[in-house]
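See below for the structure under consideration.
What follows draws every value from the coordinates through simple rules; no lab data is involved. Keep in mind that this is a model prediction, so the values were computed, not measured. Glycine gets a Cβ as well: all are built from the backbone with ideal geometry, and neighbour counts include every protein chain shown.
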């Protein structure tokens, strides 16, 4: 069972919680119809993202066998046969489509298709084109936010869009930085990057994230949300410390392996909850 959990990369479902961001910040977390739509949307995205992960593993099978950590993945290690993985991938796509049809939100369904198609062309070659590879990585987070807004019929703030966009670019740059630092020689695009370039652009993205987040808090219904700006800055500092340390740069791995960062995220969410729902 564990090998199938690893194949589906269930721990990476944490990224899909971004679908609930519009609900949470829109003061709609206790709206049962919208929460129901959000949960069904989460199921759709978890299924389609697992299909994407399997597709990527199938495409990079030979390279993953040479990678120091990826060689332990179910496909690269031989725990699961490629034919079995393909069947599971097709089942994930089919189930995601079935739930999407049940939801009857065609714009959300189109976003789901866009996410899948972007990742297909990423796996098929765009991941070897500098900048384009990082943009596609970042687009996955942005699509999740808009998908959450569309599925629950909540308008996305322009400042939230900008915060997520530059924040996602920062995480994509950080991922490439650590891959370059470790020189795994299994990702062709790394030959186009250097640490100096990645660092400069990461700093730009961090600065813009703080600016856009600050502007976003000013348009919130409760102006006291601006009190969370220092917490947001500290969160970025902690994440940066991990990314520029010995981590592999993957956002999920960075967060799950830093208890202090997890604690700060919980504190931040609690603070926002109090200001939006209780004050």
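Among the residues of segment 238-253, just one is under 23 Å from residue 23 (Cα atoms) and crowded, with 17+ Cβ neighbours inside 10 Å, namely 251.
Does segment 7-44 hold any residues that are closer than 19 Å to residue 250 by Cα and either surrounded by fewer than 19 Cβ atoms within 10 Å (Cβ to Cβ) or under 13 Å from the mean Cα position of the chain (by Cα) (or both), and which are they?
Restricting attention to segment 7-44, the residues satisfying the condition of being closer than 19 Å to residue 250 by Cα are 7-18.
The answer is 9, 10, 11, 12, 13, 14, 15, 16, 17, 18.
Scanning segment 215-226 for residues that are surrounded by 17 or more Cβ atoms within 10 Å (Cβ to Cβ) and not in a helix (DSSP H, G or I) returns a single hit, 220.
Quick grid of which residues meet (1) surrounded by fewer than 15 Cβ atoms within 10 Å (Cβ to Cβ); (2) part of a helix (DSSP H, G or I); (3) within 20 Å of the chain's Cα centre (by Cα); (4) in contact (Cβ under 8 Å) with a residue 60 or more places away in the chain:
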position: 172; (1), (2), (3), (4): no, yes, yes, no
position: 181; (1), (2), (3), (4): no, yes, no, no
position: 203; (1), (2), (3), (4): yes, yes, yes, no
position: 212; (1), (2), (3), (4): no, yes, yes, no
position: 228; (1), (2), (3), (4): no, yes, no, no
position: 236; (1), (2), (3), (4): no, yes, yes, no
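On the stretch given as segment 246-265, residues that are part of a helix (DSSP H, G or I) and within 15 Å of the chain's Cα centre (by Cα) total 6.
Considering only residues that are free of Cβ contacts under 8 Å to residues at least 24 places away in the same chain and either touching a strand residue (DSSP E or B) at 6+ places or on another chain (Cβ under 6 Å) or part of a helix (DSSP H, G or I) (or both), look in segment 45-76 and name the one that is surrounded by the fewest Cβ atoms within 10 Å (Cβ to Cβ).
Checked segment 45-76; the qualifying residue surrounded by the fewest Cβ atoms within 10 Å (Cβ to Cβ) is 62.
Count of segment 106-153 residues, restricted to those that are in contact (Cβ under 8 Å) with a residue 60 or more places away in the chain, in a helix (DSSP H, G or I), closer than 21 Å to residue 173 by Cβ and more than 16 Å from the chain's Cα centre (by Cα), is 3.
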